[in-house]
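The structure appears right after this line, and notes come after that.
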Amino acid sequence: MDGPLPKAIFYILTFSSIAIMIWQIVGQSRFWMKGKKITWKPNYIGSVLTYVVAQRKVMGSRPKSGAPLHLLIFYGFLSLMIATTLLAISTYGPIIGIPGFHKGNYYLAYEATFDALGLLYIAGIVWALNRRYRLAREQGQPIPDPNTGQLNRSKNPITTTWQDFAVLYLLLILGISGYVLEAARISADPKPWDHYSFVGYAIAQLFPSLSPQGYISIWWQHMVWVWCFFAFLPQMRIKHIIFATLTAAGNQEQPMGKLPPVPASRLESGESIGAAVAQDYSRWHLLSLDACMSCGRCTEVCPAYNSGKILNPKQIVQDTHRALRTGDGIPASVSEEALWACTTCNACVEACPVLIRHVDLIVDARRNLVSEGQLTGTATLPLKQITGTGSAWGQSAPEREQWMTGLNIPLARENQGFEYLFWVGCAGATDPAAIRTTKAFAQLMQKAGVSFACLGQEESCTGDPARRIGDEATFQSQTEINAAAFKKYGVTKVVTACPHCLNTLKNEYPEFDLEDLQVVHHTELLAQLVSQDKLKAANPQNGAITYHDPCYLARVNNISDDPRKLVGQKASLDSSLPLLLRELSTEESHARVLAEPEHHGKKTLCCGAGGGRMWMEEEPDQRPGNRRAEELIATGAKTVAVACPFCRIMLDASIKQVSDEAINIVDLAEVLHEANS
Ligand code: SF4
Ligand code: SF4
């Protein structure tokens, strides 16, 4: 490119296309700035390295198709950006005193390496195009589950539009025209070392001895695509390379099970709480909505969607985004029925590659509905029972001690100086099956010499169902009651057999002046007692027992190894390795004491009880637990072990719904109790 005019045109168009891109991003940022100021301190570099450079969330979903092709495109694209940046530094560096370095062996290695990486980039795009055509054909059809091959009950949630094809073709053209440009240079101005650029060199053989004008015309054509890419980037699905990077940079690593706090002063003011307009969300939450790339991973894994309900988490994100941008507000734009269908299982949050926290959005919208008096029907039942009796099941306080009869269970009011407070929970003290868990666990602690006590009639519901339904006032009054009891008895360690109580006490109670509370699940304490030889692990016949990972234990609180240790299974599911690598490296090395269902560990399927759904009306054939029940039965095991009283109740109903087989449901504490009797 010689002469002042072509140079001027080149610089004007390059800077203009970049300016158009930046102008659009700045325009978007006005929307984020409507939100509440972020109070946390993000780990900017660590988050970008983890979620963008290392692609941790991408590796955790669609391990057999979407993840590998995305990795090819992402790393291929990144390598082309690095190659272009190095070329630019070497070309323009001398202006500011940096000597040109594109020469010698470095240059030969540069040419060969980036030619090879460019091929991976093109392979990824061709794979993505092929997949996109298949998805377009399947749109609206039931699709096989990516892991089990079973047909989902709901339709394929991945929608394909012409923009999806347009962006892929643009990326493909950028890659191919880059190679053609390299080939044109080789053809017009051959050098002895050109064969190191092996792809461009091969293409150059198709048009030998290109004229300098021919080379210049190909160069301009390549630049037209580059300018289009910059100018349209914020409008295309690929915009997530910018917005997801910003979302990752501003991310706060906080427990998955912790909902956004509501200041007590806000409750006392009597103003409406929750979220209805952009000003009700944090700036980070608004930014994260812009990062959504419509991939549909969240909807694919949603148990409510897959059981035929109206809830579609991708739709929730997009409707929320539109409602907040236009100012229409959530009540007018987001389906109430969909909001109430959520079990808060966090499968969508786990699956989302751009860190969107759907459960925060849903519960904040529920909070607003509740504070506006829009809660009716069976969802009000647990709230009335909690405020009336302190139990989500409506049991009176003295009834909480009935299960203790004949077991010599120490009570905090009679026996201070204990190490662990055994938090029994409403279900553990009420439901006949859950009481079997409670008794088995208490007896195991007695056998192992654990110092513990229960609150008995002084225990009151943690408020978990109220908080997830959106009734923050009831939740916060429960925290006051329980925090007072903890302080009265100097409680510092809590053990519970209920993952919902565990999550609330561990992740949410610290906000209420209980920062030092240590909370463990009963399977964690039991695994510790087994490792200390105070109890022995069960030794079931291989494949006789299957285990259902509760969402609030395995996914939300990352506890999936300790429950398995209780039956002597050594495999690690809690590994910090990304799922894709874990699947490739350890799938077959799991010690198969348990008959593992297809979905286990963090990818477990929801039983349908969370988020207050336990108390809400449900058509029997739309229970999310039915699909889980089918999967557990398909393992061939005749015993299903659980580690959550909610899961136990829901799976019991679902197993009876989908099968006539006699399947025994037990808690792992009962399995261990039998082994130690
Ligand atoms: S939390 Fe679970 S039920 Fe709710 S939208 Fe996400 S995947 Fe669906
Ligand atoms: S919310 Fe996340 S998982 Fe769902 S469509 Fe958007 S980017 Fe994909």
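Since every read-out is calculated from the coordinates, none of them should be taken as a lab result. The model shown is predicted, which means the values in this text are computed figures rather than measured ones. FYI the Cβ positions are ideal-geometry reconstructions off the backbone, even for glycines, and counts take in every protein chain you see.
Under 14 Å from the Cα of K41, which aspartates and glutamates turn up, not counting those fewer than eight places away in the same chain?
E253
What is the distance in Å between the Cα centroid of region 538-552 and that of region 401-463?
When both Cα centres are located, 24 Å separates them.
Identify the GluC sites (Glu not before Pro) of region 224-307 meeting these criteria: DSSP loop state and at most 13 other C-beta atoms within 10 Å of the C-beta.
E253, E271
Where does the chain land at 222 nm, in deg cm²/dmol rounded to the nearest 500, when only DSSP H runs of n ≥ 4 count, each adding -39500 (n - 2.57), divided by all residues?
That calculation yields -15500 deg cm²/dmol at 222 nm.
By how many degrees, between 0 and 90 and to the nearest 10, does the Cα long axis of helix 624-634 differ from the longest principal axis of the chain?
90
What is the helix-to-structure angle for 313-326, meaning the angle in degrees between its Cα long axis and the longest Cα principal axis of the chain, kept from 0 to 90 and rounded to the nearest 10?
70
Longer than 23 Å from Cα to Cα, which of K384/K656; K384/K439; K57/K314; K37/K506 are they? Say none if no pair is.
Going by Cα-Cα distance, K384/K656; K384/K439; K37/K506 fall outside the 23 Å limit.
Pull out the extension gain between S451 and S29, defined as 0.36 nm times the separation in residues minus the alpha carbon to alpha carbon distance; nm, one decimal.
Gain on stretching S451 to S29: 146.4 nm.
For K488 and N130, compute 0.36 nm times the residue count separating them, minus their Cα-Cα distance, and round to one decimal in nm.
Working: separation 358, 0.36 × 358 = 128.88 nm, distance 6.42 nm.
Full extension from K488 to N130 adds 122.5 nm.
Write down the percent of antiparallel bridges among all DSSP beta bridges whose residues are both part of the chain, to the nearest 5.
About 10 percent, rounded to the nearest 5.
Any chance you could give the angle, 0 to 90 degrees and rounded to 10, that helix 240-249 forms with the longest Cα principal axis of the chain?
With rounding to tens, the tilt is 50 degrees.
With just the Cα atoms defining each centre, how far is region 169-212 from region 1-43? Give it in Å.
Between the Cα centres of region 169-212 and region 1-43 lies a distance of 31 Å.
Given R₀ = 41 Å, what would the calculated FRET efficiency be for T161 paired with T380, taking r from the Cβ atoms and rounding to 0.05?
The value I calculate is 0.50.
Could you calculate the contour length gain from Q235 to Q402, that is, 0.36 nm times the residue separation minus the distance between their Cα atoms, to one decimal place in nm? All intermediate terms of the calculation are to be shown ahead of the outcome.
Working: separation 167, 0.36 × 167 = 60.12 nm, distance 6.25 nm.
Difference between extended and current length: 53.9 nm.
Where a Cα-Cα gap under 13 Å defines reach, which aspartates and glutamates qualify for K258, not counting those fewer than 8 residues away within the same chain?
D360, D364, D464, E508, E511
How far is it, in nm, from the label point at S265 to the one at K103 when both lie 7 Å from their Cα along the line to the Cβ?
Placing both labels 7 Å beyond Cα along the Cβ direction yields 6.6 nm.
Mind grabbing the base-10 log of I(q)/I(0) for region 273-374 at q = 0.10, 0.12, 0.13, 0.20 Å⁻¹? Debye formula, identical points on the C-alpha positions, no solvent, two decimal places.
With no solvent term, the Cα-only Debye profile gives -0.23, -0.33, -0.39, -0.97.
Consider just the alpha-carbon atoms of region 62-240 and return their Rg together with their Dmax, both in angstrom.
19.7, 64
Can you tell me the dipole magnitude for the chain around its Cα centre, using point charges on the Cβ only (Lys, Arg +1; Asp, Glu -1), in Debye to the nearest 20?
Details: 61 positive and 62 negative charges, 243 e Å.
I would put it at about 1160 debye.
What whole number of Å gives the distance from the Cα centroid of region 648-677 to the Cα centroid of region 287-314?
31
More than 44 Å apart: what percent of Cα pairs in the chain qualify?
Everything past 44 Å amounts to 31 percent.
Rounded to the nearest 0.05, what FRET efficiency do D189 and I96 give with R0 = 35 Å and r taken as the Cβ-Cβ distance? Could you check?
0.80
Return the lysines within reach of K565: Cα separation strictly under 16 angstrom, same-chain partners fewer than 8 residues apart disregarded; answer none if there are no such residues.
The reachable lysines, counting only those whose Cα sits under 16 Å from K565, are K534, K536.
Run the quick spin-label model on Q254 and F198: label points 7 Å from Cα toward the beta carbon, then report their separation in nm to one decimal.
Between Q254 and F198, the simple spin-label model gives 5.1 nm.
Note the per residue figure in Å³ for the convex hull of the C-alpha positions in region 1-93.
Expressed per residue, the convex hull around the Cα atoms of region 1-93 is 178 Å³.
Once the convex hull of the alpha carbons of region 316-455 is built, what does its volume come to per residue, in cubic angstrom? Could the numbers behind the result be given before it?
Working: hull volume 24.1 nm³, N = 140.
Cα convex hull per residue, to the nearest whole number: 172 Å³.
Rank these for me by crowding, C348, C501, going from fewest to most other beta carbons within 10 Å.
Fewest to most other Cβ atoms nearby, the residues stand as C501, C348.
What nm distance separates the two modelled labels at E511 and N43, each placed 7 Å from Cα along Cα→Cβ?
Placing both labels 7 Å beyond Cα along the Cβ direction yields 2.2 nm.
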